[in-house]
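> Below you will find the structure I want to go over with you.
The values are calculated or read from the model by the stated rules, or taken from the named source; none is laboratory data. Model, not experiment: these values are computed from the prediction. Cβ coordinates were reconstructed from backbone atoms using ideal geometry, including for glycine residues, and neighbour counts include every protein chain displayed. The area values use the complete protein model at the heavy-atom level, side chains included, leaving out ligands, DNA and RNA. Shrake-Rupley method; radii C 1.70, N 1.55, O 1.52, S 1.80 Å.
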Amino acid sequence: MTAALWASIVQADTTENSIRPLARPMVDNVQLASADVTVSVRPVLRPKVEVQRVSADGNARFQAWLGAFRKRAQEQGISVNTLDRALAGVTYDSDIIKRDRNQAEFSKPIWEYLDGAVSKTRISNGRVGLDKHRETLTRIEAQYGVEKEVVTAIWGLETSFGTYRGSKQTIRSLATLAFDARRASFFEEQLIAALQILQAGDVDPKNMVGSWAGAMGHTQFMPTSFLDYAVDFDGDGRREIWSDNPTDALASAASYLAKHGWTKGQPWGVEVQLPSDFDYANARRDFTLMPSEWAARGVLAYSGKAVPDHGQAAILLPAGGRGVALMIFNNFRVIEAYNGADAYVIGIGHLSDRLAGGSPFEADWPRGDRVLSFTEKKELQRRLTQAGFDTQGIDGRTGPNTINAVRAFQVAQGLIPDGYPSLGLLERMR
């Protein structure tokens, strides 16, 4: 699970859900467990594309591809016996390609995402899970230095505490996606890693199941992430993340965060109040100060007190100047390695806070807004560039260059320069 691994994947089936956008390729729109609302974790990058069912000739081409793949796999150390066990009867799954291609034009705003990610039901279920597995989670925390509430929050957002782990055969899913030309190299790497897992004896092919995109187990590890970070915490000789017992999966999530630099006792983020004269040009990830230095500039916790000096921190405005303001620390970046979407990171962090007894966010969200569609983001980029505020490309992605261009336009127009690409901003440019 690394931020580089995710590349726009949609989870449309409630039995295949995880609201994590990462460690498999990036998730765009996903549906939470039935007790929660449907949300989007990440801005959508592409409009819908229709995919036809594979023909008999297509199946023949897939089988021919499998034959060639077997040779490449053997060259990478996969035994004939492993290949025979794993690939026996594997056929092309056109439904997976359909899911990979068909993505909604609009994604939902962060407040709707958080309504589901940190719903009353999820908090309640999380507390039940914490109590049930407290001894195990306490031992995991002691070994890896990752708070039990954080590990539980990942479990909750990934699979609703193990309830929706996915039912697709991982080898078939990955083989189908590796055969497909769009991201063949990435998924062939994942398929080789899955075969290495089988060869090591951690799981049998029939039990290696997960999401349609290849993410597996209670905490939805992609195969390469499994090889790098999964652990045998219960000491039975296998790294078992698929079974009903979540022990190894929970410890593996903690292992992942620990190896990416988790600091125990440091918040992921703290909600803050901004002074009326706040310089919004400083609300960016690459501008950090100690909390005491932020306090000297009037940035305080909602209690009115200075945030303790937990480390260097940046100010994040996930919904612009009219929404919640966060002071974020290095642990934000660590969760981001698990999944790169800000909404996901905030969801994990806020859910973990609520499981630990924390309060809801104090500030309101701009609930009357909606996020821009893929087409509208491209239009905004085009209009900004034509107006002299170069976004360095027209790709429908709201990255740092687009945010900087938005901020420069806002400054020129005498608006709050929060860099937020709102519909109102686009309409102003039309």
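> What helices (runs of 4 or more DSSP H), lying completely within region 112-201, carry at least 2 residues that are among the basic types (Lys, Arg)?
On the way: elements: 120-132, 134-144, 148-159, 170-179, 184-200.
The qualifying helices (runs of 4 or more DSSP H) are 120-132, 134-144.
> Moving to a separate point now. Quick one: which residue in ALA153, ALA175 is under 23 Å from ILE346 (Cβ atoms) and among the small types (Gly, Ala, Ser)? First the steps, then the outcome.
On the way: ALA175 fails: under 23 Å from ILE346 (Cβ atoms).
Every option except ALA153 fails the conditions.
> Of the numbered conditions (1) in contact with an Asp or Glu (Cβ under 9 Å, 6 or more places away or on another chain); (2) assigned to a loop (DSSP other than H, G, I, E, B); (3) of a type in the set (Val, Ile, Thr), ILE416 satisfies every one except a single condition; which is it?
(1)
> Here's a follow-up. For region 302-320, name all the residues that are of a type in the set (Gly, Ala, Ser) and open to solvent by 10 Å² or more (accessible area, probe 1.4 Å).
Of region 302-320, the ones of a type in the set (Gly, Ala, Ser) are 303-304, 306, 311, 313-314, 319-320.
Across region 302-320, the qualifying residues are SER303, GLY304, ALA306, GLY311.
> So SER352 clears everything in (1) of a type outside the set (A, V, I, L, M); (2) under 20 Å from ALA283 (Cα atoms); (3) out of contact with any Gly (no Cβ under 8 Å at 6 or more places or on another chain) except one condition, right? Which one?
It is condition (2) that SER352 fails.
> Could you tell me which of the residues GLN196, GLN103 is modelled with pLDDT of 95 or more and either open to solvent by less than 50 Å² (accessible area, probe 1.4 Å) or farther than 16 Å from ASP248 by Cβ (or both)? Spell out how you get there, then give the answer.
Values: GLN103 fails: modelled with pLDDT of 95 or more.
GLN196 is the lone residue from the list that is modelled with pLDDT of 95 or more and either open to solvent by less than 50 Å² (accessible area, probe 1.4 Å) or farther than 16 Å from ASP248 by Cβ (or both).
> Could you say whether any residue in region 217-238 is among the β-branched types (Val, Ile, Thr), within 24 Å of the chain's Cα centre (by Cα) and farther than 23 Å from HIS350 by Cβ? Lay out the reasoning, then the answer.
Taking region 217-238 and keeping what is among the β-branched types (Val, Ile, Thr), we get 219, 224, 231.
Checking the rest, the ones that are also within 24 Å of the chain's Cα centre (by Cα) come to 219, 224, 231.
Still in the list and also farther than 23 Å from HIS350 by Cβ: 224, 231.
Yes, that holds for at least one residue.
> Turning to a different aspect of this structure: Of the residues in region 343-375, how many are at pLDDT below 95, open to solvent by 20 Å² or more (accessible area, probe 1.4 Å) and not in a loop (DSSP other than H, G, I, E, B)?
Summing the residues that are at pLDDT below 95, open to solvent by 20 Å² or more (accessible area, probe 1.4 Å) and not in a loop (DSSP other than H, G, I, E, B) in region 343-375 gives 2.
> Answer yes or no as to whether GLY323 is surrounded by 15 or more Cβ atoms within 10 Å (Cβ to Cβ) and farther than 23 Å from SER225 by Cα. Quick ask: steps written out before the conclusion?
Numbers: surrounded by 15 or more Cβ atoms within 10 Å (Cβ to Cβ): yes; farther than 23 Å from SER225 by Cα: yes.
Here the answer is yes, as GLY323 does meet what is asked.
> What's the number of the condition ASP236 fails, among (1) in a loop (DSSP other than H, G, I, E, B); (2) open to solvent by less than 10 Å² (accessible area, probe 1.4 Å)?
The single condition ASP236 does not satisfy is (2).
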